Each structure stands twice: as C-alpha cells, then as structure tokens.
Amino acid sequence: MPKQIHLAAHFPGVNNTTVWSDPASGSHIEFDSFREFAQIAEAGKLDFVFLAEGLRLREQNDRIYDLDVVGRPDTFTVLAALAAVTERIGLTGTINSTFNEPYEVARQFATLDHLSDGRAAWNVVTSWDAFTGENFRRGGFLAQADRYDRARSFLQTALELFDSWRGDEVVADKDRGTFLADPHPGAFAHRDAFFDIAGQFDVPRSPQGRPVVFQAGDSDEGRDFAAAAADVIFSRHSTLEAGQAFYADVKGRLPRFGRTREELLIMPAATFVLGDTEDEAAELAHEVRMAQVSPATAVAFLEQLWNRDLSDHDPDGPLPSVDPVAGENTIARGRASVRMHRDPVATAHEWRAKAEAEGLTSRELIVEVTGRQSFIGTPATVAATIDEFVQADASDGFVLAPHITPGGLAPFVEQVVPLLQERGVFRTDYEGTTLREHLGLPLRQPGGAAAAAS
Ligand SMILES: Cc1cc2nc3c(=O)[nH]c(=O)nc-3n(C[C@H](O)[C@H](O)[C@H](O)COP(=O)(O)O)c2cc1C
C-alpha cells in the first residue's frame, strides 16, 4: 500500500511568496478572502488550513517593511469565523508560547475545538525576540536559550488544562435539576519555574480532547520538542534531499521519547506553479519569481544578511564587496528567526562564490537562493513529484502556500488533487469529522498529557 498523502493550505500573508500586486490578488485582512481560501481547500478535501503569526509589524532600517503585505488579523478570531463557514476542514493556528499565558490559550483552543466540532490545531512557536516583546511590555524578558524551557512548560500546562475535564462531568438532568455529575470539574494545579497557577478550567472537554499539536522550530532543541510532544511538524525542508534528511532525523528521535513513527507527521511548506506544458510552467514560474523578488526586495534581502543599510546598492550589479556586520541583527526586526541567517559571513561568502561562478547580479542571485517554488510543471508532473517525495519519505505531505491569495489554490485543487486521487494516494472524501481523523492520528484519552509532553 502506498503512503497516503496529507495536504494543507497556508494562507500566506506577510512574506514575499505572496504577490499582492497581482491584479488577481485579494485582501489579506477581509474575511471574504479567508472564507474563499478555506472553502477552496475544503472542496479539495485538504486536511487543514494554516495561519502563521506575527505579533508586531516588521521593520527594516527603522521603517515599517511594506514591500510585502502589512498587517494580519488575530488568528483565533479568524479561525472561529472559518469554523462557521466550513464543515470538515481542520483549522490550524500558530500561537506563540513566549508572549501568551497557558490558561488563555487553552480556553481559546478548547473553545475553537467545540465551535468546529473537533477541527482545531495549535502550531506552538517559540519566537522570542525582544522587539516583539515590547508589544507586551516585556521586551527581552526571555533569553533565546530559555524559549523551549518555557514552551515545554507552557504546552504541558495547557495539556493539563485540557485534560482537567474527562468529558462525563456534565449531566444537565432537567428533571432532577442536576447540572454536574462531578462537583469539581476542571480542577488543576501547576507549579514550576514558569507558571504557578491553580483553579478550575472553565471549558468542558472538547471533541478532540485537545487540539492537534504542531511545531515549527528547526533547531536541535526544537526538533526534540517536536519529537517529544507534537503530532505534526511544519518544516521548511521541501526539497527531496533536505526533506529526507530532516524526516530521518526527526523520526529517528521518536523512540527516545517512547513514540512510534506514525505518531508524528512531517509536512514542509511548499509552493507550486502549474502550466499546460513544462515550458509554459517554467516560464510562468520565472515571471512569478521576478514579481516575488523586485529590485527593492532583492536589496532588502541583502540588507537582512549584511545587517547594514544598502539602500544605495545597485540590484543589477554584483553583491556588496564588504562583509556582513557581525552580531545582533539591527537592520531587520520582527522576522521569524527561522528565516534569519545563522552564520551571515559564511553565507555571504557562499553567495559571492555562486554569483561569480554563474555571472549573477545581486537580484538574480537572490532569485536563486531564496527560491520559493517547490513544484513547477504540468499537473501530471506535479502530482507525480509530490507522490514520489512522500513515498520516498521526504515528507508525509505538504502545506501549500499559493502566491495569489485567495484564488491561487484553486488550480491545484482542480487539476492536481484529482490526479493524486486517481493514483490512490489522496482521499476522495473526508472519512472522519475531526482533524485528528483526517491526519490518521490516534485518539487521545484524558490523562495522556504527561506521556505526551514529558
Ligand atoms: C517554515 C516555518 C515557518 C514559521 N513561521 C512562523 C511564524 O509565522 N510565526 C512565528 O512566530 N514563528 C514561526 N516559525 C517558528 C519560529 O521560527 C520558531 O518557533 C523559532 O524559530 C524558534 O525555534 P528554532 O530556534 O527551533 O528554529 C516558523 C518556523 C518554520 C520552520
């Protein structure tokens, strides 16, 4: 039996995947865009829609970064509204464990799981930067090194809150006038270095018991966090080789946490460009890349690596000849750290060598090294490639980010999904009602919290 493929749709928003200037591009704030996007995804029987998160507007050179979409509405509010206009598709929200509190987040996810009849998922991210912290009057209160300690404690606490209700406490017997069968539902007490809370959780057990848990960090510690506690990893390793290496690494960590390979799915972010012929797709992909990397965006990407003002740099000339400024990045603020460069000087040297060897201008180099198109071709080639990647354990499926919002997902749903269905590797209809069922993950019983996150 071939592996079944999991597919999801990422409402892309604020990065340069999104070509907001395309005439077909819609709003990134208005609900109609979210509704249309989710309904297209649901028509394709995709597993879930995915929302990323940014808690402060990005800045570069002390100005709001407005080359990409600016602004993003609140995740829980959008997902709750989507629950009302969709029936089956999962609803995944990225929610930070550094700037929130477990009680609030647990209430919101338990509520979303109720409103959606068991379709909620939580992508636990640990972005910690002090710039974002200023919005919460806590600038710099958490060192980078502590982000996963807090995340582990945060998730563990939230799981205890979800599990504080077993599901049989409410009888609501109208004849006898008895509401509760158990006089102490939702009792909890959690004390550790991060949280010291006790009381009664006020949302009764939700259909899934708890949301499906995602993780999206890439560091060694982040991978361990996922191997210990996540159901799904949202990764950035979408090529065959990098995907296989990441897949083997993370699945190989599971036995250490007493878990099996089936308990954790790996779904990289991926983009696509379709054409009637391979040539047409390649040509369109080039046009999209040039729109994603305008001359100004190319210079902005250089500044992010070089960590210095390069506003006078010619994007059609060679790369800067000076080295990046070492140390803390003071030029670009508010970006997910996974997109920042870990060793800027080494990367600058690599880029220079590549540009010289291939005769590339600065902009052409940025087009090459920030490549955002995973699958380019006819629907038949794209379906075959996705299937090949999944069967070769480069992933368990993909989270698709179209470059046009909201309509850019439709060609994939109309042209690629039927071919995957014909190949027998993608569902022709939803079999269950909950996201956990769509993902083929085992059901969680109350009390599973300690085992899942220890
Ligand atoms: C593909 C990808 C996309 C991500 N997008 C976001 C995001 O939108 N918002 C956010 O706060 N964190 C996001 N993150 C996660 C943070 O980058 C992560 O929690 C942080 O980098 C710390 O984890 P790490 O050091 O293990 O990478 C993303 C991660 C990945 C892999």
Based solely on its DSSP helices, what 222 nm [θ] is calculated for the chain when runs of n ≥ 4 H residues each add -39,500 (n - 2.57) and the sum is averaged over all residues, nearest 500 deg cm²/dmol? -10500 deg cm²/dmol
Go from 0 up to the bin containing the longest alpha carbon distance in the chain, width 10 Å each, and give me the % of pairs per bin. 4, 19, 30, 27, 14, 4, 1, 0, 0
Rounded to the nearest 20 debye, what is the charge dipole size of the chain about its Cα centre when +1 sits on each Lys and Arg Cβ and -1 on each Asp and Glu Cβ? 1240 debye
Rotationally averaged projected area of region 294-369 (alpha carbon convex hull; nm²): 4.7 nm²
Whole-percent carbon and sulfur contribution to the accessible surface of the chain (1.4 Å, no ligands, DNA or RNA) stands at 51 percent
How far is helix 220-229 tilted off the main Cα axis of the chain, in degrees rounded to 10, range 0 to 90? 30 degrees
Using the alpha-carbon atoms, what tilt in degrees (0 to 90, nearest 10) does helix 240-253 show relative to the longest principal axis of the chain? 30 degrees
Using the Cα atoms of region 259-408 to build a convex hull, what is its mean projected area in square nanometres? 11.8 nm²
Over region 70-224, what is the mean sequence separation of C-alpha contacts under 8 Å (at least six apart), divided by residue count, expressed as relative contact order in percent? 26 percent
If you place +1 on the Cβ of every Lys and Arg, -1 on the Cβ of every Asp and Glu, and leave all else neutral, what size is the dipole of region 294-369 about its Cα centre, to the nearest 20 Debye? 360 debye
What are the ³J(HN,Hα) values, in whole Hz, obtained from phi via the Karplus relation 6.51 cos²θ - 1.76 cosθ + 1.60 with θ = phi - 60°, for each residue of region 414-423 in sequence order, with x given for Gly and Pro? 7, 10, 9, 4, x, 6, 5, 5, 4, 6
Please give every one of the lysines within straight-line cross-link reach of Lys45, meaning a C-alpha to C-alpha distance under 30 Å, and leave out same-chain neighbours fewer than 8 residues apart. Lys3, Lys251
Measuring from the longest principal axis of the C-alpha atoms of the chain, the long axis of helix 278-292 (C-alpha) lies at a number of degrees, nearest 10, equal to 90 degrees
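Before I look further, what does the chain give for accessible area per residue, probe 1.4 Å, in whole square angstrom?
Working: 19520 Å² over 454 residues.
Per residue, the chain has 43 Å² of solvent-accessible surface.
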Counting DSSP beta bridges with both partners in the chain, what percentage is antiparallel, nearest 5? 25 percent
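Compute the projected area of the convex hull of the Cα atoms of region 1-127, averaged over all viewing directions, and report it in nm² to one decimal place.
9.8 nm²
The values are calculated or read from the model by the stated rules, or taken from the named source; none is laboratory data. Note that the structure is a prediction, hence the values are computed from the model and not measured. We place every Cβ from the backbone using ideal geometry, glycine too, and count neighbours over all the protein chains shown. These area figures cover heavy atoms from the full protein model, side chains too; ligands, DNA and RNA do not enter into them. Shrake-Rupley method; radii C 1.70, N 1.55, O 1.52, S 1.80 Å.
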